[in-house]
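Beneath this line is the structure, given in C-alpha cells, with notes to follow.
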Protein chains: 2
Amino acid sequence: MASKPVHLETQRAKLERKERVILDAARAVFVEHGFDGARVSEIARRASIGEGTIYSYYESKAELMLAVLQQFWDGLTLEAQAVMQATKAEGFFDRLQALAQYHLQTVIENNDFINLTFALRRNNSEVSVSRDHLRHYVAVFDNLFRRGLDRGEIRPDAVLWQARDVFYGTLEYSARSIEMTIEPDRDCRQTGPVVDQMIALFRAHYGAADAVPEPDQLALDAMAKELKNLSAKLDRLAANQPR
Amino acid sequence: MASKPVHLETQRAKLERKERVILDAARAVFVEHGFDGARVSEIARRASIGEGTIYSYYESKAELMLAVLQQFWDGLTLEAQAVMQATKAEGFFDRLQALAQYHLQTVIENNDFINLTFALRRNNSEVSVSRDHLRHYVAVFDNLFRRGLDRGEIRPDAVLWQARDVFYGTLEYSARSIEMTIEPDRDCRQTGPVVDQMIALFRAHYGAADAVPEPDQLALDAMAKELKNLSAKLDRLAANQPR
DNA sequence: TGGTTATTTGAATAGCATTCGGTATTATCG
DNA sequence: CGATAATACCGAATGCTATTCAAATAACCA
C-alpha cells in the first residue's frame, strides 16, 4: 500500500517535470522568435526531447503556445498581487499607482505575448487563452477597487467595470503608443507621466469628494450602495440558474 | 504626344484594377478564415488569377495582409471623418459620442483585423502596419479635441495624449470584454452604457468647469439606469423560473 | 525474468507559401 | 503592318515545417 502511491507520485512528478521542461523551452523559443518564427524542432532540441514527444504532451504548436500564455498570465497575476502586498502605503490610490506602474512596465516588456493572447484564435478549434486566466488577472484590480469602495475612498456610485476598462485599456494603449513612438517627441511619453496622469484621473473622477457630503449626497450614496448589493445578489441568482 | 499618355494611363489603370481585385479577394478570404487559415491558392482563385501572379504584386502573404490592413485603416479613417461630418450637433461632446459609438462598433465587428494589426510583426523584416495609417486614424480624435480646446469646451490644462489613450484604449478594452463576455451578466456590457460612461467621464474630467453638470444629477441618472437594468434582469429571471 | 503496457523517437507524410522556367500578351519600332 | 523586345502571367516543382505513426525503448508487475 505504501510503495504504490510513492511510485504513482514520482511518476506523476516525472511527467510534470518533463512538461515544465517543454514549457520552459517553448517559452524561450517563442519569446526569441515569435509564434510563426519558432520551430518545433528547436523547442524539442532545447528540451532535450524527441520532436514527436511534444505531441504526446500538447495537441499542436498552437496549444503549446496557449499553455505558455496561460503560464504567463498566471505569473503576471502572482506578481501583481505581490506588488500590491509590497506596497507600504495602504491607501487605494497608492496601491493603484503601484499596480499601474507594474502593469505598464509588463505590457511594454511583453507586448508580443499580450498581442498573441488575443490574436491567437483559430477558426476551427477553440484555441484561445482561457477566460479564467485573464479574469484572475483583472481580479487584482477588481479586489483593490472594491476595497477602496468599502473604505469610502471611492465615490459609491463609481462603476467598477468602467474603471477597470479605463485602467487596463488606457495602460495597454499607452504602452503601444510608447513602443511605437507614435509621438514625435518622446519626452512626454515616458512611463512616469502615463501613470501619474492615470492616477490623477482616478483621483478626480472616482475619488470620494473631499468636502463633507451634502445630506442629499449621503442619501444618494446609500441608495447607490443598496442598488449595487441588489445587483450582486441578482447576479448570483442568475449564475445559479440552470438557464 | 497624345496617344502615349493615354496608353500609359490605361496601362496603369489596368494594373491598379487588378491590384484592387487581388486586394478585395484577399480581404474576403482573410476575413473568412483569418491569416493562418487563409490559403493563397483560394485568394488566387477568387481573384481569377494564377497563384504565382500574386507574388508579382506582393512580396509575400504577410505583405498582402499588410496591404489589406492599411486599406482597412484608411477606410476607418474616412468613415470616422464622415461620422463627424454627419453629426448635426456641433458640440464637442456630441461629436465625441458619435465617434465613440462608431469606434466601439467597428472594433467589435473587426476585432480580428485590429488584433492582427498589432500581432503581425515579423521579427526579421519590418512587416507592420505603417504608423502613418494609424496616426491618420487617431488624428480624427486629435482634431476634434483640439477644436474643443479652442472653443473653450475643454479645460485648457487637459493633456491631449492622455485623453487619446483613455478614449481609444478604454473603448478597445471594452470591446474585447464585450466580445469575450468576461462579465457574468451581459446587461451592463452592451455598447450603449460603455459609450455613455465614457462620455460622462470626459465631461467630468476634461469638460470646462462652467459646463460641468451637477454631480448629483449625474449620480441620479446613473442610478436610474441601474434600476432599469435591475428591473430587466428580474423580468428575465422570473421568466426562466421553472416552477 | 518474461510478458504487457506506456512512452519516446525520428523518419515519413502532408500541407502550404514561395520560386522559376516557360508561355501568352502587350508594347515598341523599322 | 510584322518582327522583336519587354512584360505579365501561369501553375507545376521546390523547399520548408507541423504533424503522424510504426517501430524501439523503457516502465511496470507477477
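The table below lists the values:
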item	result
Among (1) modelled with pLDDT under 90; (2) at negative phi; (3) more than 7 Å from every other protein chain (Cβ to nearest Cβ) - the single one A:Arg203 does not satisfy	(1)
Number of the condition not met by B:Asn115 [criteria: (1) more than 30 Å from B:Glu153 (Cβ to Cβ); (2) more than 12 Å from the chain's Cα centre (by Cα)]	(2)
Residue among A:Ala80, A:Ala62 that alone is farther than 23 Å from A:Thr106 by Cβ and of a type in the set (A, V, I, L, M, F, W, C)	A:Ala62
Sole exception among (1) facing chain A (nearest Cβ under 7 Å); (2) of a type in the set (Asp, Glu); (3) surrounded by fewer than 19 Cβ atoms within 10 Å (Cβ to Cβ) for B:Asp165, by number	(3)
Filtered residue count, region A:130-162, keeping only those that are within 10 Å of chain B (Cβ to nearest Cβ) and touching a helix residue (DSSP H, G or I) at 6+ places or on another chain (Cβ under 8 Å)	11
Of the criteria (1) modelled with pLDDT under 90; (2) closer than 21 Å to A:Asp196 by Cβ, which one B:Glu179 fails	(2)
Total residues in region B:43-92, condition away from every other protein chain (no Cβ under 14 Å), within 16 Å of DNA strand D (Cβ to nearest atom) and either over 17 Å from B:Ala28 (Cα atoms) or not acidic (Asp, Glu) (or both)	18
Residue satisfying all of: in region A:84-100; within 14 Å of the chain's Cα centre (by Cα) and crowded, with 20+ Cβ neighbours inside 10 Å; nearest to A:Ala204 (Cα to Cα) among these	A:Ala100
Cβ-Cβ under 7 Å pairs, at least 6 apart or on other chains, region A:125-136 side surrounded by fewer than 16 Cβ atoms within 10 Å (Cβ to Cβ), far side modelled with pLDDT of 90 or more and not in a loop (DSSP other than H, G, I, E, B)	A:Val127/A:Ala62; A:Val127/A:Glu63; A:Val127/A:Leu66; A:Ser130/A:Gln70
The lone exception for B:Asn124 - which of (1) within 13 Å of DNA strand D (Cβ to nearest atom); (2) modelled with pLDDT of 95 or more; (3) within 14 Å of chain A (Cβ to nearest Cβ) it fails	(2)
Helices (runs of 4 or more DSSP H) fully within region B:39-148 counting 3 or more residues that are within 16 Å of DNA strand C (Cβ to nearest atom)	B:40-46, B:54-57, B:61-86
Filter result for A:Gln81 (surrounded by fewer than 21 Cβ atoms within 10 Å (Cβ to Cβ) and in contact with a helix residue (DSSP H, G or I) (Cβ under 7 Å, 6 or more places away or on another chain))	yes
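The values are calculated or read from the model by the stated rules, or taken from the named source; none is laboratory data. As the structure is a computational prediction, the values presented were derived from the model and not from experiment. Quick reminder, even Gly has a Cβ in these numbers, built from the backbone with ideal geometry, and neighbours come from all protein chains shown.
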